[in-house]
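Please read the structure below before turning to the comments.
Bear in mind these aren't lab numbers, they're just calculated from the coordinates by the rules spelled out. Remember, it's a predicted structure, so these values are computed and weren't measured experimentally.
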Amino acid sequence: MHQLTVLDLVRQESENIVSPALTIREAAERLIQSECDLLVVKDTDGKLAGVVSESSVVRSLLANNTESITVHSLIVAHAESVRLTSPVAEISHLFRASCNTALAVVGTDDRLAGILLRRDVMAAMLEALATDGKESKTGSAESFVSQSNVGAAPAAPADQHTRQSAASDNVEDSIHRVEPADESTSQPGKSGPYFLRGKDARKRLNQADDGFRGYPEQPW
C-alpha cells in the first residue's frame, strides 16, 4: 500500500504564498478568501522567509490606517515547516499539538515548495479510514467463508449423490407406520407389521416352547 507523503497533499500554487512586499490590506483580502488563517512568505530567493498569522494582520489593520505597510514587519521567521518527502503520518501531530491550520513545505534544497493545509490532511485521513474499513469488512467476510468451510465434508460426486439418494429412498420404503391392531387383525402370517397387546403377546409366548412357558401372568 502506498504511504501517503506531504508531496501527495501539498498545494504548490496557493494564494496563501506571498512575498514580503504584500501590503496589509492585500494580506487581509487574501485571508478573507482563504481556506486557512496563515500566510506563508517566500523571499526573493524562493526560500521560506516565515509566516504571517491572521491575528497579526487584524491587529495591524486596527492600529494603522496607511496602505503602505507590508507584511514584512509581521513575519514570524521561526516557523514550523515540513519536507516534501515526509510521511503524513509522521507530521500529523504538528496539527494536533498546535493551532496550525497550515504548514510551509520545503524541498531538499530548502526552497519553499508549497503549503500543506490541515483540512487536506484531515480529508486524507478520513479517506484512509474509509478504505481500511472496506478492506476490513471484505477480509472478515472472506475469513468467515473460509472458516465456514473448515471441517465441512467435500461435495459428493454426482454418482455418489445418486447412490445416496437411492439408499435413502430404500430406507424410506422399508419404514411402515404401525397402527394399533386388535386380535382379529393381528394374526401371524399376515403381511405387514403388527403388534399385540400385552395380554395377547404373553399368550403367544406361553404357547411357544422357548423358555417362557409358565411365566406368571401380569395384570397388563
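Taken as Cα centroids, the range 1-43 and the range 73-98 sit 13 Å apart, rounded to the nearest whole angstrom.
Scanning residues 5 or more positions from Gly114 or on other chains, those with amide H under 5 Å from its amide H are Val105, with H placed 1.01 Å from N in the peptide plane. Our summary gives the range 1-120 a relative contact order of 33 percent, counting only alpha carbon pairs under 8 angstrom and 6 or more residues apart. Database remark: amide H of Ala102 closer than 5 angstrom to the amide H of Arg118 (H placed geometrically; neighbours at sequence offset of 5 or more, or on other chains; Pro and chain starts carry no H).
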